Amino acid sequence: MKQLIRKTIEEFTASYAHSSDTGWEKPLVAFASANDPLFAKLKELASPTHELPQGFLSEARTVITYFLPFADQVIENNKKGRFSSQTWGEAYIETNKLIADLNRYLQEKLIHQGYQAVFVPATHNFDEKTLLSDWSHRSAAYIAGLGTFGLNHMLITERGCCGRIGSLVTDLELPPTLRYKRELCLYKNDGSCGECAKKCFNEALTENNLDKHKCYEMCLANADRLNSLESIADVCGKCLVEVPCSTAIPARENKTG
Ligand code: SF4
Ligand code: SF4
């Protein structure tokens, strides 16, 4: 069943790419037990109102998570300048649509097989004052073993951090994916790199902290500039592109000798 879900996500994404200007690389998929104790810890670590999987589905057994990596041209396009490129903004909107459609498709497939499934929208599910969300797709994906958090607060996966994450809660029981046993971020691993912090134009990200309000200020400035797009693109992403973890797990320097 895990293979079937993985294949469904891969095929749906590949066919979606045909009717979209945004391209995506092959998605990554990982599964968490809905009873993983880390979900309860998110109330302390992420937000006091963070939901448990059972808050969406009382019989929840598994959280399906996936990462949709942006194609190279999307990443390439966001490298220059202080503000996000039009392509980056479009990719954000298109990927949110893909996540919504993919979640609905997966939900129908699971219901057809006799299971229940519930999903949370990919974005704009946060409090605009506190900037806290009641369901962090990124944290769910971390618990499921898709990757580990970088200094830039993004999830570093096998295909880097340039892309978007979706998740779905179901009562189908599936064995969880193993989590990484080490930090994938170079800074968190041995204090090296820090390239993402150097990329931040609004001094939101430093080696010590992410000022979410300053970050959101930059995202809103981009949304204003990208106002010809069909919906709000409150994005930035400068700390994701042209860094060692953009599209792959960053390589550690060989420190022998
Ligand atoms: S750029 Fe370097 S320090 Fe920043 S998240 Fe990636 S690996 Fe970590
Ligand atoms: S998204 Fe932009 S503003 Fe926010 S931390 Fe990254 S570079 Fe800075």
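The values are calculated or read from the model by the stated rules, or taken from the named source; none is laboratory data. Not measured: the values here are computed from a predicted model. Ideal geometry is used to build each Cβ from the backbone, glycine not excepted, and the neighbour counts take in all protein chains shown.
Things to note:
- Residue 212 over 13 Å from residue 83 (Cβ atoms) and either away from ligand 1 (no atom under 16 Å from the Cβ) or aromatic (Phe, Trp, Tyr) (or both): yes
- Residue selected from the range 158-199 under the condition of a type in the set (Ser, Thr, Tyr) and within 29 Å of residue 111 (Cα to Cα), by the criterion nearest to ligand 2 (Cβ to nearest atom): 167
- Hey, residue 142 modelled with pLDDT of 95 or more, over 21 Å from residue 244 (Cα atoms) and more than 16 Å from ligand 2 (Cβ to nearest atom) or not: no
- Taken as a whole, the condition of being touching a Cys at 6+ places or on another chain (Cβ under 7 Å) and either modelled with pLDDT of 95 or more or farther than 30 Å from residue 60 by Cβ (or both) applies to residue 186.
- Residue that is nearest to residue 143 (Cα to Cα), among those in the range 77-91 that are in contact (Cβ under 8 Å) with a residue 40 or more places away in the chain and surrounded by fewer than 17 Cβ atoms within 10 Å (Cβ to Cβ): 79
- Residue pairs meeting the criteria (Cβ under 7 Å; at least 6 apart or on separate chains; first over 23 Å from residue 62 (Cβ atoms), in the range 12-35; second in a strand (DSSP E or B)): 17/24; 24/68; 24/69; 24/70; 25/69
- Tallying residues that are over 30 Å from residue 115 (Cβ atoms) and not aromatic (Phe, Trp, Tyr) within the range 56-92 yields 19.
- Pair list, Cβ under 9 Å, 6 or more apart: the range 178-192 residue farther than 24 Å from residue 38 by Cβ and charged (D, E, K, R), other residue assigned to a loop (DSSP other than H, G, I, E, B) and away from ligand 1 (no atom under 13 Å from the Cβ): 190/255
- Any hit, the range 227-239, residues being more than 16 Å from ligand 2 (Cβ to nearest atom), buried (at least 22 other Cβ atoms within 10 Å of the Cβ) and within 16 Å of residue 91 (Cα to Cα): no
- Flag for residue 44 being in contact (Cβ under 8 Å) with a residue 12 or more places away in the chain, out of contact with any helix residue (DSSP H, G or I) (no Cβ under 7 Å at 6 or more places or on another chain) and not in a strand (DSSP E or B): no
- Selected residue (criterion: surrounded by the most Cβ atoms within 10 Å (Cβ to Cβ)) from residues of the range 204-217 that are within 19 Å of residue 243 (Cα to Cα) and near ligand 2 (Cβ under 8 Å from one of its atoms): 205
- Test: residue 65 is touching a strand residue (DSSP E or B) at 6+ places or on another chain (Cβ under 9 Å), closer than 27 Å to residue 180 by Cα, surrounded by 18 or more Cβ atoms within 10 Å (Cβ to Cβ) and of a type in the set (S, T, N, Q): yes
- Breaking point among (1) at pLDDT below 95; (2) assigned to a helix (DSSP H, G or I); (3) of a type outside the set (D, E, K, R), for residue 38: (1)
- Summed over the range 104-136, the residues that are modelled with pLDDT of 70 or more and either part of a loop (DSSP other than H, G, I, E, B) or touching a Gly at 6+ places or on another chain (Cβ under 6 Å) (or both) give a count of 9.
- Restricting the range 143-195 to residues that are within 13 Å of ligand 1 (Cβ to nearest atom) and of a type in the set (D, E, K, R), the residue that is surrounded by the fewest Cβ atoms within 10 Å (Cβ to Cβ) is 182.
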